[in-house]
């Protein structure tokens, strides 16, 4: 999971950059239509209510931890906290895309509070990584989300892997969701490592807020429950938080088109649509996935406020249909099946070599 604007050259802090110029004419009519319908306008009131409700729910959980800290029933609040932390991450993501405010400074402040202070995740690190992803989704040389690491996404990345890393590649489809239990901690660690590359005031602010998060989180746990309960609560909370983020991010691009670095250069419309997958569903799906189920619309219009993505979908679908561009949309379970099938196929040559 793997907070994350996107098209065009990456910017260090915010995705408030304007949409990039289209090389052809495919995107221009759609952009004009969306603008005329007012779907790129801000929804400040909607976000203010969302942030307020999320803050009140977090405060209620903290109160519950204080009241139940002497009982093992307090562990029942860990899954609730993990869900609320995912909501917090989605707010930080939207702030990074300039969906909440036109002001870059205001967006950064919202992102720092929701990312660094509340989650212990570096807002600057996430924005840098996420902007590069949005600029070139699924591009093996430019998208950090498909860089070879614990997981691999192409046969070329898998080739030659031996030992433990080879075992991971062979079985990565089965291991994917168990590995997401560590995603929350991995995101925190990546943000801390990123601090070394920062300079001046940005490094000071980011580091101070990350430190404040650590102190507040540990203080909350150790003052509301015994050490054994605190350790178990933290493990459960962080694991489920990572799982939730993994479930939100996994359907979006895995198993979709991967541009050939030496092949045809796609324009903005095709680059974003062909590499992205939407998830069908209603209000519950929108809530659970933080609006990322409209991945195609989000990639085409990264600064579009979350509640407008559903409204834009029919226009984007119709435009793609008129141009003969495939528009991928499926159910949530099938999206996981497609993503895992792709990872399973990538590991097949390694499995064959061990038979």
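The values are calculated or read from the model by the stated rules, or taken from the named source; none is laboratory data. Note that the structure is predicted; figures quoted are calculated from it, not measured. Don't worry about glycine lacking a Cβ; one is built from the backbone with ideal geometry, like all the others, and counts go over all protein chains shown.
Being under 26 Å from the mean Cα position of the chain (by Cα) and closer than 22 Å to residue 89 by Cβ, is that true of even one residue in region 33-42? Taking every residue of region 33-42 in turn, at least one turns out to be under 26 Å from the mean Cα position of the chain (by Cα) and closer than 22 Å to residue 89 by Cβ. Close contacts from region 319-336, counting a first residue that is on the phi < 0 side of the Ramachandran plot and at pLDDT 95 or above and a second that is loosely packed, with under 13 Cβ neighbours inside 10 Å and assigned to a loop (DSSP other than H, G, I, E, B), with Cβ to Cβ under 6 Å and a gap of 6+ residues or different chains, come to 329/280; 331/280.
Of 312, 318, 352, which residue is over 19 Å from the mean Cα position of the chain (by Cα) and more than 30 Å from residue 43 (Cα to Cα)?
Values: 312 fails: more than 30 Å from residue 43 (Cα to Cα); 318 fails: more than 30 Å from residue 43 (Cα to Cα).
After ruling out the rest, the residue left standing is 352.
Do we find a residue being assigned to a loop (DSSP other than H, G, I, E, B), on the phi > 0 side of the Ramachandran plot, surrounded by 17 or more Cβ atoms within 10 Å (Cβ to Cβ) and out of contact with any strand residue (DSSP E or B) (no Cβ under 9 Å at 6 or more places or on another chain) anywhere in region 186-207? The answer is no; no qualifying residue exists. Among the candidates 346, 316, 273, the residue that is buried (at least 16 other Cβ atoms within 10 Å of the Cβ), under 25 Å from residue 139 (Cβ atoms) and modelled with pLDDT under 95 is uniquely 346.
Take residue 232 and decide whether it is in a helix (DSSP H, G or I) and exposed (fewer than 14 other Cβ atoms within 10 Å of the Cβ). When the stated conditions are applied, residue 232 does not pass them.
Considering the conditions (1) surrounded by fewer than 20 Cβ atoms within 10 Å (Cβ to Cβ); (2) in contact with a helix residue (DSSP H, G or I) (Cβ under 9 Å, 6 or more places away or on another chain); (3) in a helix (DSSP H, G or I), residue 265 is excluded by exactly one of them, (3).
Among 48, 15, which is closer than 15 Å to residue 305 by Cβ and modelled with pLDDT of 95 or more? Please lay out each step first, then the result.
Working: 15 fails: modelled with pLDDT of 95 or more.
Result of the check over 48, 15: 48.
Pick from 210, 221, 245, 240: which is modelled with pLDDT of 95 or more, under 25 Å from residue 123 (Cβ atoms), surrounded by 16 or more Cβ atoms within 10 Å (Cβ to Cβ) and more than 23 Å from the chain's Cα centre (by Cα)? Result: 221 is the single residue among 210, 221, 245, 240 that is modelled with pLDDT of 95 or more, under 25 Å from residue 123 (Cβ atoms), surrounded by 16 or more Cβ atoms within 10 Å (Cβ to Cβ) and more than 23 Å from the chain's Cα centre (by Cα).
Within region 153-177, which residues are within 18 Å of the chain's Cα centre (by Cα) and assigned to a loop (DSSP other than H, G, I, E, B)? Full working, then the answer.
To start, the set of residues in region 153-177 that are within 18 Å of the chain's Cα centre (by Cα) comprises 153, 176-177.
Correct list: 153 only.
The set of residues from region 167-181 being more than 13 Å from residue 254 (Cβ to Cβ) and in contact with a helix residue (DSSP H, G or I) (Cβ under 6 Å, 6 or more places away or on another chain) comprises 169, 170, 181.
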